[in-house]
Amino acid sequence: MRTFFAAFTSGAGCDARLDALRQVFLPEAVIVRTGGGVPAVYGVDDFIAPRRELLTNGTLTGFREWEVSGRTEIFGDVAQHFCSYAKAGVQHGAAFTGRGMKTVQFMENAELAPVLRQLIARSALPLRAIETDYAIDSSGFGSCRTETWIDQKYGTPRRRSVWVKAHVASGVKTNVVTAVRVLDKDSGDSPQLIPLVTDTADAGFTIGEISADKAYGSYANFEAVAGFGGAAFIAFKEKTTAERGGVFEKMFHYFSYKRDEYLTHYHKRSNVESTFSMIKRKFGGEVRSRTDAAMVNEVYCKLIAHNLCVLNQEQHELGIAAEFRPAPRATGARPA
């Protein structure tokens, strides 16, 4: 709603704010204006065009609209927002004010997930000069939803909570989240390491060390991190051997013959546990959303809020400036 009302503000940046409405509306959205007469029905472009003309040709100056109060009701995957609003401006040299009511329907949209992931990466960018080592792990976020399952031993129906799993790459110095994938509760950990490292590198972060527990200890993961110019310090399972060769073999021998030194690097992974603790203590370890797409998007929003808290702290502690423009990838090349 902030994006919607902000669009109808005259002055600098008006065109950009109006263009942003296309990202808020579905392409097939219908806008209806009522005022006691025949309702006027618009498509998205038909709605924006005349308002752009009024706000940019000098007819309206000093104009803005803002929400006064409102409430939202949720029905399945549709949310209905009712609000009162006010407006003020100058038209043809005469100041005026007004009030009105709006009702807006929001549809659940899984396509927002990539946008939210980009915002997480963008919110971490000011710390790219500080973070070079990252810890990777996953953690679950519960919900109020439950599902039925059958106990195979006793044949008894039972209920269990539905939850989603967040796979994150977290900087070990500031605990900022550089990349994330929120998937279903049964998603495996190991396949997510390469996408997380790739996203971190694509955002402009230098890949120095990657630490993770033994769930991530695959040959492909060691090779992928090396392909980005980094070193993977991942715990090895008890019966692991060095038969595969390559980077996996080198790191296994490092672990075998210089274990204390290896573990010094590996234990940086404890920082990702701190990251999850920070997120859940501040923003909760459960989501209120009930549908799959909304649950995923809510977790992404928690991570955006976490990154902003981290950035605010580091601005004061380290005296850095918040620069959100992406930089070219620092080192390494994308693995084949």
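Coordinate-derived values only; no laboratory data. All of these numbers come straight from a predicted model, not from anything done at the bench. Neighbour counts run over all protein chains shown; Cβ positions are idealised from the backbone, glycine included.
List of remarks:
- The H on the amide N of Phe63, modeled in the peptide plane, is under 5 Å from the matching H of Ser10, Val90, each at least 5 residues off or on a different chain.
- For region 2-107, the relative contact order works out to 22 percent when only alpha carbon pairs closer than 8 Å and six or more residues apart are counted.
- Farthest toward positive dipole pole in the chain [+1 Lys/Arg, -1 Asp/Glu at C-beta], among Cys83, Ala235, Ser161: Cys83
- Karplus (6.51, -1.76, 1.60) ³J(HN,Hα), θ = phi - 60°, over region 53-59, in Hz, Gly and Pro reported as x: 4, 5, 7, 10, 9, x, 5
- When Val68, Val164, Val299 are arranged by Cβ crowding within 10 Å, least crowded first, meaning fewest neighbours, the order is Val68, Val164, Val299.
- Total charge dipole magnitude, the chain, about the Cα centre, Cβ charges on Lys, Arg, Asp, Glu only, Debye to nearest 20: 620
- Label-point gap, in nm, between Ala40 and Ala94 - each point 7 angstrom along Cα→Cβ: 1.8
- Counting neighbouring beta carbons within 10 Å and listing from fewest to most, the residues Leu55, Leu318, Leu116 come out as Leu318, Leu116, Leu55.
- Under 17 Å from a label point set 7 Å out along the Cα-to-Cβ vector of Arg145, the amide N atoms of region 67-94 belong to 74-79.
- Its Cα centre serving as origin, region 2-107 has a Cβ charge dipole (Lys and Arg +1, Asp and Glu -1) of approximately 380 debye.
- Evaluated over region 112-318, the count of Lys pairs having alpha-carbon atoms less than 21 Å apart is 28 (only pairs 8 or more residues apart or interchain).
- The residue among Pro27, Gly11, Pro39 whose Cα reaches farthest toward the positive pole of the charge dipole of region 2-107, with charges on the beta-carbon of Lys, Arg, Asp and Glu, is Gly11.
- Modelled FRET efficiency - R0 25 Å, Glu323 with Thr3, Cβ distances, 0.05 increments: 0.60
- Taking chymotrypsin sites (Phe, Trp or Tyr not before Pro) in DSSP loop states with no more than 12 other Cβ atoms inside 10 Å as exposed sites, the chain has its longest site-free stretch at 155-323.
- For Ser161, Ser211, Ser143, order by how many other beta-carbon atoms lie within 10 Å, fewest first: Ser161, Ser143, Ser211
- Applying both filters, DSSP loop and at most 12 other Cβ atoms within 10 Å, to the trypsin sites (Lys or Arg not before Pro) of region 121-225 gives Lys153.
- As a calculated quantity, the FRET efficiency between Tyr257 and Ala215 at R0 = 30 Å, using C-beta atoms, amounts to about 0.80.
- For the chain, the relative contact order comes to 16 percent (Cα pairs under 8 Å, sequence separation of at least 6).
- Among [x] 19.2; [y] 24.1; [z] 28.8, the entry that matches mean projected area of the Cα convex hull in nm² as calculated here: [y]
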